[in-house]
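The block underneath contains the structure these notes are about, expressed in structure tokens.
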Amino acid sequence: PRQHAKTLWYDRPRYVHLEFCVEDSTDVKVVIEDHRLVFSCKNADGVEFYNEINLYARVNSKDSREKRSDRSITCFMRKWKEKVAWPRITKENIKPAWLSVDFDNWRDWEGDEEVERAMVEQYAEV
């Protein structure tokens, strides 16, 4: 039986960030398409996780990446239209129970581009 991974997201001027909260993940697969993201993995207990998100707007799948840690898998998706705020991550105006805004990372964009660029570059070096 598959289940949804708890997912946090937040919006930035150039990227949309998604974090799939699965500890000790294995068999991680992330497919980022222009209008859709598909995520799957297993945890240490062999539970299968699967999330599919039809995205609110188009992303540049070529300039998007993911990073796995012991606690989660984080995806950065480059927006096709930069500096356009996304009011939500999903195309449909519904909020799945497994999806939440990451309020720890959500903030106003004023002067945020430098911070964002540094953060993405830092991840790129990993």
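The values are calculated or read from the model by the stated rules, or taken from the named source; none is laboratory data. Fair warning: this is a prediction, and the values are worked out from it, not measured in the lab. Reconstructed Cβ throughout: ideal geometry from the backbone, glycine too, with neighbour counts over all protein chains shown. Quick note on the areas: whole protein, heavy atoms, side chains included, nothing else; ligands and nucleic acids left out. Shrake-Rupley method; radii C 1.70, N 1.55, O 1.52, S 1.80 Å.
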For region 20-36, the count of residues that are within 13 Å of the chain's Cα centre (by Cα), closer than 10 Å to residue 72 by Cβ and surrounded by fewer than 21 Cβ atoms within 10 Å (Cβ to Cβ) equals 1
Residue 63 passes all but one of the listed conditions (1) surrounded by fewer than 21 Cβ atoms within 10 Å (Cβ to Cβ); (2) more than 22 Å from residue 83 (Cβ to Cβ); the exception is number (2)
Residues of region 37-49 being in a strand (DSSP E or B) and open to solvent by less than 50 Å² (accessible area, probe 1.4 Å), in sequence order, are 37, 38, 39, 40, 41, 49
Taking region 75-90 and keeping only residues that are within 17 Å of residue 4 (Cβ to Cβ) and in contact with a His (Cβ under 8 Å, 6 or more places away or on another chain), one is left with 75
Scanning region 18-61 for residues that are among the acidic types (Asp, Glu), touching a residue at least 24 places away in the same chain (Cβ under 8 Å) and either in contact with a helix residue (DSSP H, G or I) (Cβ under 9 Å, 6 or more places away or on another chain) or more than 20 Å from residue 91 (Cα to Cα) (or both) gives 23, 24, 48
Per the list (1) modelled with pLDDT of 95 or more; (2) closer than 16 Å to residue 8 by Cβ; (3) out of contact with any Leu (no Cβ under 9 Å at 6 or more places or on another chain); (4) surrounded by 12 or more Cβ atoms within 10 Å (Cβ to Cβ), residue check on residue 95 breaks on (1)
In this structure, is residue 90 over 11 Å from the mean Cα position of the chain (by Cα), open to solvent by less than 30 Å² (accessible area, probe 1.4 Å) and without any contact (Cβ under 8 Å) to a residue 40 or more places away in the chain?
yes
Wholly inside region 54-103, strands (runs of 3 or more DSSP E) that include 2 or more residues that are of a type in the set (Gly, Ala, Ser) are 59-68
If we keep only residues of region 7-19 that are of a type outside the set (Ser, Thr, Tyr) and more than 15 Å from residue 68 (Cα to Cα), then the residue surrounded by the most Cβ atoms within 10 Å (Cβ to Cβ) is 12
